[in-house]
Structure formats: structure tokens, C-alpha cells
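Trainee: Dumping the structure here so I can ask a few things about it.
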Amino acid sequence: MTPEVNFETMTEFKPTPELNQARNFEIEHRTPADRQPAFHFTPAVGWMNDPNGFSVYKKQVHLFYQYHPYSNQWGPMHWGHQVSKDLIVWKQKPAALAPDQPFDKDGCFSGSAVESEQGHVLMYTGCANGKQNQCLAIGDGQNYAKFEANPVLSQVNLPKGYSDVDFRDPKLWKTGTTWYLAAGILNPEKKGEVILFSSPNLKDWTFESILLSFDGTNGKMLECPDVFLLDDQPMLICSPQNMHAQGYEFHNGHNSVYIPGRFNQSLESSRFFQKEARQLDYGLDFYAPQTTLLEDGRRILIGWMSSWNSPILCSRQNWTSQMTLPRELSFKQGKLIQKPIREIENWYKETSHIDNVHLDGTFEDNRMSGRYLDATLQFSNPAHHFAIDLACDENHKTTFTIDASKGWMEMDRTYSGMEEDWVTVRKAALPESGVDQLRIIMDLYSVEIFVNQGEMVLSTVIPTLPQADRIVLHGQDENLTIDFHSMDVEKLHQEKLKNDLDET
Ligand code: FRU
């Protein structure tokens, strides 16, 4: 059997001037914690997009990300890096990768990470001279040396007729002694595919199969694929570019979808079918999610809480973008169920309960307010006409509406204080059984709504300043009562401020 890559022969880690520059810059320009969300992952400075390398290494959760430290716009991609013990409180690590080698000089694009006996293995897309190839790096959780013979997977490994111009976002895993890697590619007809490779040693790769192909009628390049078993169900998630709106399921542009596969002996031999693609998140800001498996068996997903076409950029910030709150995944009755990671519960401070609210117009109560909240609204039966204004003051509000007569629910951030004409409204079809529960997670600049115990999720960024903290309910329904339970997670804000001081 071919031995695993001998990591001793990899380039010894020596920070290049490019990496040193990024590491120094992020220390010097770091955003004070009080100007950032309390418990959503953000870069310390600069631009962030996709989550990368979401993995457990030496008992800590590592999350890397597409990163351009020097401005709040996308630029030559680095990998930023943070670690966490509970996926709620994150500590910054020095930038892990900079575009500093001939094989990645134009950018270190998205990829993944796996713990191995020899270290923390990163697999990413190196961009150079218009080509995208897959590259390897290994590290100790802080410093990562790139493999000298990169790229390890390139045009020569591809089936005939395929090119490496759009070939990216490797997701790596190991089954038994074999390494597998799924990546997105445009096939010779320029249609999106997710293809699978295998390797005995991380450096010699063989093309195995096409896991998924889109017919090109809706969606092109399939970005950021991830393949995993969820409650014994093979699952593929990916982010198709350039989709056309379809009912309330898909919106125009970049979407993220999940596709349950057919089980066929092993995960690696399962086939996936486009017709079963479902939206992963019905809000305004969600893309390029990635998952990892925790030691206790939970499959956790985190996504970029932003959008390529409508990225909320606040001129008052020197950082952009947040990740969603990590979510616990399960698969029930053919549906992906997503719930906020349970570690958030360790941070509850005060709770307020208002039971048996009857709606006859507008309802407001001073126990029902705040901007750092985990609030649940339990309806006595599915709500017909209901709306909740969040992050309100005289001039601002973000409204979530349920209209059962029209069959939809809607997020509307028109009055959230936006500086540009970004997309503000998105509708989603109501679940078949209607909506009987909403769990609303609010942090400084975001609202995530989990419908019916995680049957659907809507994630949305709002630029509203924290002073706007009122919550107002609207509706008229004699038969409906609402129990409102709200957990204040303000404590997390304090923790973040404390951490900030510890580290300076
Ligand atoms: C998805 C994506 C990836 C690519 C990265 C570049 O958002 O386009 O396909 O690797 O962003 O930053």
C-alpha cells in the first residue's frame, strides 16, 4: 500500500512575508468586540465569505474562512482562523493561509480540514493563472505548511474533456484507510457537477464518479459541496450559482440546497438526484454552508450569513459578514431538520414568560424586548394571520409575517436601516401543517427564525443599531393564543467583551 504523505517532507512552516503581513495587519486593525455581534462568528477585520475547514482538531473546533483582511470587499483570498470549545465563543488565531506560492498566488479558495494522526490536514483550492487546482497543507492547529508538490489534484486527474478553470471547493473525508474528496466542477458542456475522487495517501488521486449533475436548466456551477451520512441517510449539500426563482423554493442567483441520496452500500457509492433538491435556508442571507461531525456524534452545519448579490456592507464597519449560528442537523421523514446548537442554552441569563397572549390588533409588553435573544413563540394552533416586528424603534423594524390565506411567510427588512437598495423581502411557502412554533435568535446584526422545531430556517442580516430593541406582535385571531418565552443572552455580549480584554 502506498504510504500516506510523509509530512516531514512537506515544506517546513516558515511564515512568508505575505502571511506575516496579514497576521500583523489583523492584530493592528482588530475591531473592538463591542462593535461586533455577541455570539455570531465574524472576522476581526476585513472581508469574510465561506466557512472553510470546519473540523475538530485536538478537542477544539476549528473554523477557517475565506478572508481578505485588507478591506471590507472581496480580494485575494487568505484563510482566516478561529477556534472554539463550545461553538459559541470563538477565539482568534493568526491567519492560516496567504496566497503566497506559485500554485495559489491568485487566491487560496474554499476547502476543508480533517484531523489525522500526523496533524491537521487542510485541502483547499489554489488559484493561479486562471486555473483552479486542489492543494494540501498540514499544521498543528496554528501554523500550516503547504505541500511542496502542490497541486495534488489538477487537470491530469480529471476525466477527458474536463478543465480546471472552474474546479473548486474540495471537501475531504476518510473512510477506513481511503481518503475521499468531493469538488464542484463545470463539465465539458458547462453544466454543474459534484465529482468524487479517492486516494490512499492524500497525494495520488483517482477520479471515482459523478455524484451529482445539474442539467443546466436551473443552476450552474455547484459550489462548496459537502457529502455526509445523516441519521444513516446519505446527504449532499451544495450551493448552485445562477439559479432562477422557482415558486417560493428557490430565489434568483445563488442558493444553497440539500439533496438526500440513494443509499447504495456506502456513502461513497451513493448517487444523488437533482429533482429532490430543497432549499437549505429561506432567509435573505445564507450561502456556502459546511458541516462537521462532533465527537458526540452531532453533525453541525454553519453557513455564511450573507449573499453575493446583496451583501450588507455598513460604511461604519471595518469588517463584513457573519456566519450563522451553528446548527444541529437531523433527518426526519424525508426532511432536513436544523436546530440552533444547544450550547447556546448555557448562556441564558434571564428569562421572561408571557403566556396566553390573545391577539386583537397590536400587542406590546416591556418584558418582550431586546437584541440579544433566544425567544420562542408557541402558537395554540397554526397561525393564520400573524406578524412580529423585531428590532423596532420609531424609524426601524424588521417584520416576519405569516399569511396562511396566501400560503406564505415573509421576511421584510425594508425598514432595518439599510444604506443601499439591497434585496429586502423574501417569501417562503408555509410548511404543510402550517406554523405552530417560531424560535427567533437575535444578535446585534441578525435575525434567524427556526420554524416548527427546525423544519425550516430563515436567516437574515439587519444593520439596525442596538437601541432599536422593541418587539411588537400583530394579528387578529380569536382562536389563537401565544406563549412567548424569551431567554436573554446578553451575558454572551459581556463574555465577548471580557475575552477581548483577555487577548489584548
Ligand atoms: C463560494 C465561492 C467558492 C470559492 C470562494 C472564493 O462563495 O465562490 O466557490 O472557493 O467563494 O472566495
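Trainee: Residue by residue through segment 298-327, note down the ones that are more than 15 Å from the ligand (Cβ to nearest atom) and out of contact with any strand residue (DSSP E or B) (no Cβ under 7 Å at 6 or more places or on another chain). Spell out how you get there, then give the answer.
Mentor: Let us first name the residues in segment 298-327 that are more than 15 Å from the ligand (Cβ to nearest atom), namely 298-301, 312-319, 325-327.
Correct list: L313, C314, S315, R316, Q317, N318.
Listed here are the residues, each with its yes/no results for (1) in contact with a Gly (Cβ under 9 Å, 6 or more places away or on another chain); (2) of a type outside the set (V, I, T).
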{"position": "V121", "(1), (2)": "yes, no"}
{"position": "Q142", "(1), (2)": "no, yes"}
{"position": "N150", "(1), (2)": "yes, yes"}
{"position": "Y162", "(1), (2)": "no, yes"}
{"position": "V165", "(1), (2)": "yes, no"}
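Trainee: Sticking with this one: What strands (runs of 3 or more DSSP E) completely inside segment 125-182 contain at least 1 residues that are more than 14 Å from D104 (Cα to Cα) and of a type in the set (S, T, N, Q)? Spell out how you get there, then give the answer.
Mentor: Details: elements: 131-139, 144-146, 167-175.
Of the strands (runs of 3 or more DSSP E) lying wholly inside segment 125-182, those with at least 1 residues that are more than 14 Å from D104 (Cα to Cα) and of a type in the set (S, T, N, Q) span 167-175.
Trainee: Would you check if F197 is aromatic (F, W, Y), buried (at least 20 other Cβ atoms within 10 Å of the Cβ) and within 19 Å of G130 (Cα to Cα)? Walk me through it before giving the result.
Mentor: Numbers: aromatic (F, W, Y): yes; buried (at least 20 other Cβ atoms within 10 Å of the Cβ): yes; within 19 Å of G130 (Cα to Cα): no.
No, not satisfied.
Trainee: Working only within segment 413-447, note down all residues that are open to solvent by 20 Å² or more (accessible area, probe 1.4 Å), within 30 Å of V89 (Cα to Cα) and acidic (D, E).
Mentor: Hit for segment 413-447 is E419, nothing else.
Trainee: Then there's this: Restricting attention to segment 119-176, which residues are more than 25 Å from the chain's Cα centre (by Cα), under 19 Å from Q66 (Cβ atoms) and among the basic types (K, R)?
Mentor: The answer is K131, K146.
Trainee: With respect to D226, is the statement that it is open to solvent by less than 40 Å² (accessible area, probe 1.4 Å), farther than 18 Å from G184 by Cα and within 16 Å of the ligand (Cβ to nearest atom) true? Full working, then the answer.
Mentor: Working: open to solvent by less than 40 Å² (accessible area, probe 1.4 Å): yes; farther than 18 Å from G184 by Cα: no; within 16 Å of the ligand (Cβ to nearest atom): yes.
Taking the combined requirement at face value, the residue does not satisfy it.
Trainee: Oh, and also: Suppose we filter S330, S352 for residues that are more than 29 Å from S55 (Cα to Cα), among the hydroxyl-bearing types (S, T, Y) and open to solvent by 10 Å² or more (accessible area, probe 1.4 Å); which single one remains?
Mentor: None of the other options fit; the residue is S352.
Trainee: Quick check: is even one residue across segment 244-253 in the same structural domain as I138 (by TED's automatic domain parsing), of a type outside the set (S, T, N, Q) and over 24 Å from R426 (Cβ atoms)?
Mentor: No, the conditions are met nowhere in segment 244-253.
Trainee: On to the next question. Could you figure out which of (1) within 16 Å of the ligand (Cβ to nearest atom); (2) open to solvent by 10 Å² or more (accessible area, probe 1.4 Å); (3) at pLDDT 95 or above isn't true of P240?
Mentor: All conditions are met except number (2).
Trainee: Restricting segment 115-169 to residues that are open to solvent by 20 Å² or more (accessible area, probe 1.4 Å), touching a Phe, Trp or Tyr at 6+ places or on another chain (Cβ under 7 Å) and closer than 20 Å to E18 by Cα, which is farthest from the ligand (Cβ to nearest atom)?
Mentor: For segment 115-169, the residue satisfying everything is N143.
Trainee: Output the number of the condition that E295 fails; it satisfies all remaining conditions of (1) away from the ligand (no atom under 16 Å from the Cβ); (2) assigned to a strand (DSSP E or B); (3) of a type in the set (D, E, K, R).
Mentor: E295 satisfies all of (1) away from the ligand (no atom under 16 Å from the Cβ); (2) assigned to a strand (DSSP E or B); (3) of a type in the set (D, E, K, R) except (2).
The values are calculated or read from the model by the stated rules, or taken from the named source; none is laboratory data. All values derive from a computational prediction rather than experimental measurement. Cβ coordinates were reconstructed from backbone atoms using ideal geometry, including for glycine residues, and neighbour counts include every protein chain displayed. The area values use the complete protein model at the heavy-atom level, side chains included, leaving out ligands, DNA and RNA. Shrake-Rupley method; radii C 1.70, N 1.55, O 1.52, S 1.80 Å.
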